[in-house]
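Encoded as structure tokens, the structure appears first; notes follow it.
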Amino acid sequence: MAVCEDLLLCNYRKCRVKLSGYAWVTACSHIFCDKHGSNEFSQSPAVCPACNSTLSGKLDIVRTELSPSEECKAMLLAGLRPELVLDICSRALAFWTYQVYQERLYQEYNYSKAEGHLKQMEKLYGQQMQSKDAELSSMKGEVNSLKKMLEEYKRKYSELSEKLMERNRQYQKLQGMYDAMRLRNIAVANRESAASGERAQQDQYGVFGLPVGNSTKTAVVRTPPVRTYEGDFRKPFFCTAPSEETGNPIFCSPVNEVDPHGPRSFRILRM
């Protein structure tokens, strides 16, 4: 009996719970839990929530106890003739059979609905899988093409790297040659400047190591008075620059002939 009770479910569409305790039974062979039966059958006229049948009779709706006590079982059909008992039992079994049949139809309906939904989902997923496979194949083709491009770029990069290294070696070689030539030119320029400086210094000081050209007139150097041998020993004489003696070719140089204020040569000046 407990196994059979587990098979009875509330016929309310949104309920579908296993029945226990009290239940509401209708003349249209439907059964409802105590909660929904009390709510639905409190109105007048009462309407079956499962088949929308009008329940206007006195015994069209019965609230029954699903697990009666032993005393109730003993006295429920007591005193009835056997044919009445069998008729009641057959009607009860018909109700039970109808409930099982309705439950089987309901489960089959749910199964067919779920199967249709499953087929739709399989079809949808199949289309999505086909699109994803096509996209995957296209992406694989792109990956292969990108790999080829990468290999080509690697090859070009290696070639350019070798060329760059060669250019760097050539540049270093040319840089070394340029630095050597620059140092050599600097050394040559230093030697030429030193030589030109020496020639300018020699030209400036002349043969005797004295400066030539337009220079200031050398001051007359006067020596202390000395005595002469021409009779007057008391007449002193002084030394003057030879350039002041125009008639004396010994103490005159070519430069002194041009510039009377020439080098620092001197002559004797008599007082």
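Key figures
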| quantity | calculated |
| --- | --- |
| Test: residue in segment 27-43 that is of a type outside the set (Lys, Arg), in contact with a His (Cβ under 8 Å, 6 or more places away or on another chain), farther than 15 Å from Trp96 by Cβ and without any contact (Cβ under 8 Å) to a residue 60 or more places away in the chain | no |
| Flag if Met129 is over 18 Å from Val25 (Cα atoms), hydrophobic (A, V, I, L, M, F, W, C) and open to solvent by 70 Å² or more (accessible area, probe 1.4 Å) | yes |
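The values are calculated or read from the model by the stated rules, or taken from the named source; none is laboratory data. Every value quoted in this text rests on a predicted model; they were computed, and no experiment measured them. Here Cβ is always computed from backbone atoms with ideal geometry, including for glycine, and neighbour counts include all displayed protein chains. The accessibility values were calculated without ligands, DNA or RNA, using every heavy atom of the protein model including side chains. Shrake-Rupley method; radii C 1.70, N 1.55, O 1.52, S 1.80 Å.
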